[in-house]
Each structure stands twice: as structure tokens, then as C-alpha cells.
Amino acid sequence: MILYPAIDLKDGNCVRLYKGEMDQATVFSDNPAAQAKAFEDAGCEWLHLVDLNGAFAGAPVNGAAVEAILKETNVPAQLGGGIRDMATIEGWLTKGLARVILGTVAVENPALVREAAKAFPGQVAIGLDARNGMVATRGWAEETDIEVTELAQQFEDAGVAALIYTDINRDGAMQGPNVAATAALARAVSIPVIASGGVSSLKDLADLKATGAPLDGAISGRALYDGAIDLAEALTLLKA
């Protein structure tokens with residue numbers, strides 16, 4: 001399993017939200033590029049970036065911060081938030097992103113996801129953000145009546161590189177991930193699944209791994225910044 005350290009960008013800063021609420025943001029760094037380099041130097045093999053403002057605006061907002069991260073680091077990075085058309089997808093991949101994450105458009109324009117996955121093999125992931133098992137869109141502000149597994153299975157044949165499953169109610173809350181739901185999703189689809197939301201201890205990572213489900217990795221943010229997860233120990237655990 002891969003550990004994806006999260007760098008959530010709001011107003012140019014590296015922050016963490018509490019349960020997806022933009023007005024409950026804690027700033028951890030005003031230099032996201034330096035934070036990204038620190039993760040790389042510590043041994044992380046991927047970076048998980050989110051343009052929080054972009055997710056609400058429907059277009060990139062923290063582009064300068066993302067570009068600074070790409071210039072400062074050499075490990076692959078994936079980015080979500082406000083990526084909703086082919087021009088934006090192509091633009092980010094051209095600038096050096098390894099993977100774009102499409103969330104809202106997976107619900108509102110699934111044809112675009114298929115088109116992008118075909119045009120850029122291995123470089124398109126889907127962000128499945130769920131509140132009480134139902135998909136939420138537009139920066140988690142709007143809830144749908146679509147069940148997570150139902151949406152995921154629609155893209156089984158699309159060539160999508162990964163599914164990033166986030167339980168919104170656990171995100172940033174340091175209460176542990178939804179292990180059962182994450183494992184169930186991984187077993188229900190053939191697309192690699194990345195766990196996200198609430199990963200806050202080495203035990204959480206061990207619990208995810210112990211399910212035996214085909215998980216690609218796990219994303220953690222606040223716990224890494226707070227020191228609740230020792231990065232070196234986490235990397236060792238997931239590689240074992």
C-alpha cells in the first residue's frame with residue numbers, strides 16, 4: 001500500500017478542514033511547496049493535492065501553489081478540486097501532474113470522465129466523496145441520491161486509474177477511516193481503491209491493510225501534521 005500525504009490548498013496555504021467545512025480550516029503551512037518537499041525527503045513516493053477553493057469555484061484557484069509544488073518535487077502528484085473540463089485536465093497533465101482526480105463531473109458529466117481516461121491512460125482518477133454512503137459533489141456542498149458503489153461500478157470499463165474514497169464525516173476529524181465501507185468498495189470493483197478520510201493513527205493503517213481488500217493505498221493529512229502518525233513508521237508498515 002502507498003501512503004499519500006495530503007496537501008489541501010486554501011487561499012494559497014496548506015490547510016486541513018474539519019468534516020469538509022471550509023470555515024473550519026486549520027492552517028498548517030503558508031509554504032505548500034516546502035511542505036511537499038519535506039514529505040518527499042521523508043520517503044513519500046506520492047503526493048495527494050486538493051484545490052479546496054477550486055472545488056467550490058468549479059475551476060482551478062490555487063494553481064500557483066500547485067505549480068510551485070511540482071517544481072519543488074520529483075515524486076508523482078495527483079490533484080483534485082475544480083477540474084471539470086478537458087482543457088483543464090490536459091493543462092494540468094502537461095504541467096507535470098501524474099494524475100488528475102475528477103469528482104463532481106463523475107456525477108454530472110460521466111462521459112467526460114470516460115473521454116479523459118481514454119485520452120490519458122493511467123492518469124485519471126475518480127474522487128468518490130460520500131456522506132452517509134451517498135455521493136456528495138461541488139466541494140462536498142451538494143448531496144446526491146447516488147450510492148458510492150453504484151457510481152464506481154459505472155466506470156469499471158472506462159480505464160480509470162484509481163478510485164479515491166472519502167468518508168466526509170470522518171475527514172479531518174481524527175476518528176479513524178470507514179474501514180468496512182472502504183474494504184467493501186475495493187472488493188466490489190476492479191479499479192484500485194485509495195482510502196481517505198479520518199486516517200489518524202498507525203492502527204488505522206494497519207486495520208485497512210488487515211482487511212485483505214485490494215487497496216492501493218491510504219491518504220492522511222492532519223495526523224501527519226499533528227504528529228499523530230509517525231511518517232517513517234507508517235511508510236514501513238505499509239511497505240511490509
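The values are calculated or read from the model by the stated rules, or taken from the named source; none is laboratory data. The structure presented is a predicted model; accordingly, all values stated were derived computationally and were not measured. Keep in mind that these areas ignore ligands, DNA and RNA; they rest on the heavy atoms of the full protein, side chains included. Shrake-Rupley method; radii C 1.70, N 1.55, O 1.52, S 1.80 Å.
One table, with the values for the structure above:
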{"item": "The chain, relative contact order in percent, only Cα pairs under 8 angstrom and at least six apart counted", "result": "19 percent"}
{"item": "The chain - convex hull of the alpha-carbon atoms, volume per residue in Å³", "result": "103 Å³"}
{"item": "More than 14 Å apart - percent of Cα-Cα pairs taken over region 123-163", "result": "45 percent"}
{"item": "Radius, Kirkwood style, for region 25-80 when every pair of distinct Cα atoms is counted (Å)", "result": "11.7 Å"}
{"item": "T26 accessible area, assembled protein chains, probe 1.4 Å, Å²", "result": "50 Å²"}
{"item": "Distant-in-sequence amide H partners of D129 (H built 1.01 Å from N, under 5 Å)", "result": "A136, T166"}
{"item": "Anchor K239: aspartates and glutamates whose Cα lies under 12 Å away (excluding residues fewer than 8 positions away in-chain)", "result": "E45, D216"}
{"item": "Cα-based reach from K118 at 26 Å (exclusive), listing lysines while leaving out same-chain residues under 8 positions away", "result": "K95"}
{"item": "Distant alpha-carbon pairs in region 105-146 (separation over 16 angstrom), percent", "result": "40 percent"}
{"item": "Interchain or long-range residues, amide H under 5 Å from S220's placed H", "result": "Y4, A6"}
{"item": "Accessible-area ranking of W46, W92, largest first, probe 1.4 Å", "result": "W46, W92"}
{"item": "5 Å binning of all Cα-Cα separations within region 78-201, expressed as whole percents from 0 upward", "result": "2, 12, 23, 24, 21, 12, 5, 1"}
{"item": "Region 1-120: equivalent-ellipsoid semi-axes (sqrt of 5 x gyration tensor eigenvalues, Cα, Å)", "result": "22, 18, 12"}
{"item": "Heavy-atom accessible area ranking, 1.4 Å probe, most first, across T236, T182, T144", "result": "T236, T144, T182"}
{"item": "Helix-only CD estimate at 222 nm, as mean residue ellipticity for the chain, using -39500 (n - 2.57) per DSSP H run (n ≥ 4)", "result": "-10000 deg cm²/dmol"}
{"item": "List Y18, Y225, Y165, ordered by accessible area with a 1.4 Å probe, largest first", "result": "Y18, Y225, Y165"}
